[in-house]
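Peer 1: If you scroll down you'll find the structure; I have some questions about it.
The values are calculated or read from the model by the stated rules, or taken from the named source; none is laboratory data. Here the structure is a predicted model, which means the values were calculated and not measured. No Cβ is skipped: glycine too gets one built from the backbone with ideal geometry, and neighbour counts run over all protein chains shown. Side chains are part of the model used for accessible areas, which takes the heavy atoms of the whole protein and leaves out ligands, DNA and RNA. Shrake-Rupley method; radii C 1.70, N 1.55, O 1.52, S 1.80 Å.
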Amino acid sequence: MVLAKCVRFTAAATRCGTRDLPLSFRNLATATVASSSSSPSGTSSSAREQHRRQNASSYGKMSGWQIHAYGVPQEEIQFSEGIKMPILKSPTQLLVKVTASSVNPIDVAMINGYGASVLNALRCKDGGIEFPLVLGRDFCGEIVQKGLGISSRELEVGDEVWGVVPLHLQGCHADYVVVEKYCLFKKPSNLSKIDASAILYAGLTAWSGLYITGHLGDLLGAISPVGGGAGKKVLVLGATGGVGTLAVQMLLAEGVEVFATCSPDAVQLVHNLGVKYVLDYTDPAHVQHIGSVGRFDIVLDCAGKGTEYANEIPWLFDQYITFNSPVLKNIDTGGFASGMYQNAVSLVRNNAASLSTRQGLVKWGYFVPAPQGIAYLQRLAEKGKLLPVVEKVFPYASVPEAYERVAQKHLRGKVMIDFE
C-alpha cells in the first residue's frame with residue numbers, strides 16, 4: 001500500500017550498463033575476475049567510462065571527487081584521475097566498484113569543516129590522513145575483491161551490493177571504495193541501483209533516531225532488525241527530505257499513527273507516501289491543530305529545528321529527538337574538553353526546561369552504521385514497503401552540481417549520482 005503511493009522525481013531514467021571487473025590485486029583477497037579490454041572508439045559513453053575505469057584500475061589508480069581543504073562545495077570539490085586505489089587492510093573488508101551513490105547534507109557540512117576535529121582524530125587513529133578527502137556515505141556497486149575472512153555463503157565477488165561508509169573514512173564518490181563486511185549487504189533485487197543507493201544513509205539515520213535513541217521498539221528494536229512501535233503516535237517535522245520521507249514510510253510499515261509537517265507545496269507528496277495527517281508548517285493554525293491531537297510518543301525533528309525548538313512548541317510529547325545535534329560543532333569550536341562541557345550543559349538545560357512544562361525528554365539522534373539497521377531496511381525494501389523519493393539524478397561528471405543542489409537545502413527527497 002505504501003509502495004503504491006510513493007512518488008518519485010527523477011531527472012531522467014537511468015540504465016545499468018555492462019559491468020567490468022578490474023585486474024587482479026594481491027591483498028588479503030580471493031581471486032578477482034578480469035574483463036576483456038577493448039578500444040573505446042565507436043562505443044557508447046557508458047562503455048568508454050568502463051574502459052577508462054578498467055585501465056585506471058590496472059595501474060592501481062582510479063578517478064574520484066576530492067576536497068583538499070575546507071570551504072564551500074563549488075570551490076573545493078575537485079576531480080582527479082590519479083587517486084590511489086584503496087586496498088584491503090583486514091580480512092573482513094571488501095573492495096566495491098561503485099555504480100551509484102547519493103549526496104547527503106552531511107557531505108556538504110563536512111566540506112564546510114563540520115566535525116573536523118573528531119573525524120580527523122579518528123582518521124589518524126586508523127592510519128588515515130585528513131586531505132585529500134573523498135566524500136560520499138551510501139552507495140550501490142559490485143564486489144571486485146574480498147578479504148579471506150569472508151565466506152562465499154556471506155558475500156562473493158561479483159555480487160551486487162548496497163552499503164554505507166562511516167563518517168571518518170574515505171567515502172564512495174570515487175570509482176572504488178573499501179568497507180567492512182558489517183557495512184555491506186546484498187542489494188534488494190527489487191530495487192534499482194539508484195533507489196538502493198538512496199536509502200542507507202538517510203534510512204539508518206531515521207532508524208537509529210527511532211529505535212536506538214527513541215526506543216520505539218524497546219530493547220529488541222535497537223539490537224535486532226525486528227522494528228516495532230505499533231499503536232504509538234509519532235510526529236515527523238520536515239517529512240519531505242531524505243530522512244523524513246524514509247522515516248514516515250518506516251513508521252507506517254510498523255503500524256504507527258503518523259503525523260507530519262511540511263511546506264505547502266509538498267503536502268501532496270507526503271500524502272502520497274501514505275500519511276493521512278499532513279500539516280502545512282507555514283500556516284499558523286498548524287500549532288493548534290497538532291496540539292489538539294494529544295500527547296506524542298515521539299516528535300522526530302527531521303527539519304533541523306534543533307533542541308531549542310522543543311521548548312518553543314506547546315505540544316505534549318514523551319520524547320523530542322532532533323538530528324541537529326551540537327556535539328561535533330561544539331568540539332570544533334572549543335576543543336574536546338570545553339566542547340563536551342558545552343554539550344552537557346546544553347542537554348541538561350533543554351531537558352530541565354522541557355520537563356518543567358510537563359513535556360518529555362529532549363534527545364539527539366545520529367547516523368549509526370549498524371548491521372541490524374541495514375537488515376531492517378533491507379527487510380522493508382524487499383517487502384515493497386520502503387522506496388526513496390528521488391528529486392534528481394546527476395551524472396558522475398556533474399558531481400559539483402549535485403553538491404550545490406544539496407547545499408541549497410529544501411530538498412524533496414534525495415539527490416543522486418549515476419556513475420555509469
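Peer 1: Output the number of residues of region 131-170 satisfying the condition of being open to solvent by 40 Å² or more (accessible area, probe 1.4 Å) and assigned to a strand (DSSP E or B).
Peer 2: Number satisfying all stated conditions: 1.
Peer 1: Mind checking which residues of region 214-235 are in contact with a Phe, Trp or Tyr (Cβ under 7 Å, 6 or more places away or on another chain) and not basic (Lys, Arg)? Outline the logic, then answer.
Peer 2: Filtering region 214-235 for residues in contact with a Phe, Trp or Tyr (Cβ under 7 Å, 6 or more places away or on another chain) gives 217, 221-222, 225, 227, 233-235.
Within region 214-235, GLY217, GLY221, ALA222, PRO225, GLY227, VAL234, LEU235 meet the criteria.
Peer 1: When you scan region 175-267 for helices (runs of 4 or more DSSP H) that lie fully inside it, which ones turn up with 1 or more residues that are more than 19 Å from the chain's Cα centre (by Cα), farther than 22 Å from LYS383 by Cβ and not aromatic (Phe, Trp, Tyr)? Talk me through it step by step, then tell me what you get.
Peer 2: Details: elements: 193-196, 200-207, 218-223, 242-253.
Correct list: 218-223.
Peer 1: Additional query: Please determine, by comparing only the residues of region 61-71 that are open to solvent by less than 50 Å² (accessible area, probe 1.4 Å) and part of a loop (DSSP other than H, G, I, E, B), which one is nearest to ASN104 (Cα to Cα).
Peer 2: Our first condition is that a residue be open to solvent by less than 50 Å² (accessible area, probe 1.4 Å); within region 61-71, this holds for 62-67, 69, 71.
Still in the list and also part of a loop (DSSP other than H, G, I, E, B): 69, 71.
Details: ALA69: 19, GLY71: 17 Å.
Checked region 61-71; the qualifying residue nearest to ASN104 (Cα to Cα) is GLY71.
Peer 1: Quickly run through region 72-92 and pick out the residues that are within 21 Å of the chain's Cα centre (by Cα) and open to solvent by 30 Å² or more (accessible area, probe 1.4 Å). Full working, then the answer.
Peer 2: We begin by selecting, within region 72-92, every residue within 21 Å of the chain's Cα centre (by Cα); these are 72-73, 77.
Within region 72-92, VAL72 is the sole residue that qualifies.
Peer 1: Here's another thing I want to ask about it. Taking region 370-419 on its own, how many of its residues are open to solvent by less than 30 Å² (accessible area, probe 1.4 Å), in contact (Cβ under 8 Å) with a residue 24 or more places away in the chain, on the phi < 0 side of the Ramachandran plot and not hydrophobic (A, V, I, L, M, F, W, C)?
Peer 2: 8
Peer 1: Do we find that LYS181 is in contact (Cβ under 8 Å) with a residue 40 or more places away in the chain and crowded, with 22+ Cβ neighbours inside 10 Å in this structure? Steps first, answer last, please.
Peer 2: Working: in contact (Cβ under 8 Å) with a residue 40 or more places away in the chain: yes; crowded, with 22+ Cβ neighbours inside 10 Å: no.
Against the criterion (in contact (Cβ under 8 Å) with a residue 40 or more places away in the chain and crowded, with 22+ Cβ neighbours inside 10 Å), LYS181 does not qualify.
Peer 1: If you take the residues in region 261-314 that are among the small types (Gly, Ala, Ser) and under 28 Å from ILE212 (Cα atoms), which one is surrounded by the most Cβ atoms within 10 Å (Cβ to Cβ)? Write out each step before concluding.
Peer 2: Applying the first criterion (among the small types (Gly, Ala, Ser)) to region 261-314 yields 263, 266, 274, 285, 291-292, 294, 303-304, 306, 310.
Retained after the next criterion (residues that are under 28 Å from ILE212 (Cα atoms)): 274, 291, 294, 303-304, 306, 310.
Working: GLY274: 19, GLY291: 12, GLY294: 9, ALA303: 22, GLY304: 14, GLY306: 17, ALA310: 26.
Across region 261-314, the extreme among qualifying residues is ALA310.
Peer 1: Could you list all residues from region 339-365 that are open to solvent by less than 20 Å² (accessible area, probe 1.4 Å) and either in contact with a helix residue (DSSP H, G or I) (Cβ under 6 Å, 6 or more places away or on another chain) or free of Cβ contacts under 8 Å to residues at least 12 places away in the same chain (or both)? Please lay out each step first, then the result.
Peer 2: Start the filter on region 339-365 by keeping residues that are open to solvent by less than 20 Å² (accessible area, probe 1.4 Å), which leaves 339, 343, 346, 350, 354, 359-360, 362, 365.
The answer is GLY339, ASN343, ASN350, SER354, VAL362, GLY365.
Peer 1: Does ASN330 meet the test of being at pLDDT below 90, closer than 25 Å to TYR114 by Cβ and either open to solvent by 10 Å² or more (accessible area, probe 1.4 Å) or among the hydrophobic types (A, V, I, L, M, F, W, C) (or both)?
Peer 2: Values: at pLDDT below 90: yes; closer than 25 Å to TYR114 by Cβ: yes; either open to solvent by 10 Å² or more (accessible area, probe 1.4 Å) or among the hydrophobic types (A, V, I, L, M, F, W, C) (or both): yes.
Taking the combined requirement at face value, the residue satisfies it.
Peer 1: Evaluate region 382-392: report whether one residue or more is at pLDDT 95 or above, in contact with a Gly (Cβ under 6 Å, 6 or more places away or on another chain) and among the charged types (D, E, K, R). Please lay out each step first, then the result.
Peer 2: Within region 382-392, the subset at pLDDT 95 or above is 382-392.
So of that shortlist, the ones also in contact with a Gly (Cβ under 6 Å, 6 or more places away or on another chain) come out as 389-391.
In the following step, the residues that additionally are among the charged types (D, E, K, R) were identified as 391.
Checked region 382-392: at least one residue is at pLDDT 95 or above, in contact with a Gly (Cβ under 6 Å, 6 or more places away or on another chain) and among the charged types (D, E, K, R).
Peer 1: In the set GLN359, GLN319, GLN372, which member is closer than 21 Å to LEU167 by Cβ and among the polar types (S, T, N, Q)? Let's see the steps before the verdict.
Peer 2: Details: GLN359 fails: closer than 21 Å to LEU167 by Cβ; GLN319 fails: closer than 21 Å to LEU167 by Cβ.
Just one listed residue meets the conditions, GLN372.
Peer 1: Follow-up question, since we're still on this one. So, VAL226, is that one touching a residue at least 12 places away in the same chain (Cβ under 8 Å), more than 21 Å from ARG295 (Cβ to Cβ) and touching a Ser or Thr at 6+ places or on another chain (Cβ under 6 Å) or not?
Peer 2: Working: touching a residue at least 12 places away in the same chain (Cβ under 8 Å): yes; more than 21 Å from ARG295 (Cβ to Cβ): yes; touching a Ser or Thr at 6+ places or on another chain (Cβ under 6 Å): no.
No, not satisfied.
Peer 1: Would you check if ALA230 is among the hydrophobic types (A, V, I, L, M, F, W, C) and more than 12 Å from ILE374 (Cα to Cα)? Spell out how you get there, then give the answer.
Peer 2: Working: among the hydrophobic types (A, V, I, L, M, F, W, C): yes; more than 12 Å from ILE374 (Cα to Cα): yes.
Considered against the rule, which asks whether it is among the hydrophobic types (A, V, I, L, M, F, W, C) and more than 12 Å from ILE374 (Cα to Cα), ALA230 comes out as yes.
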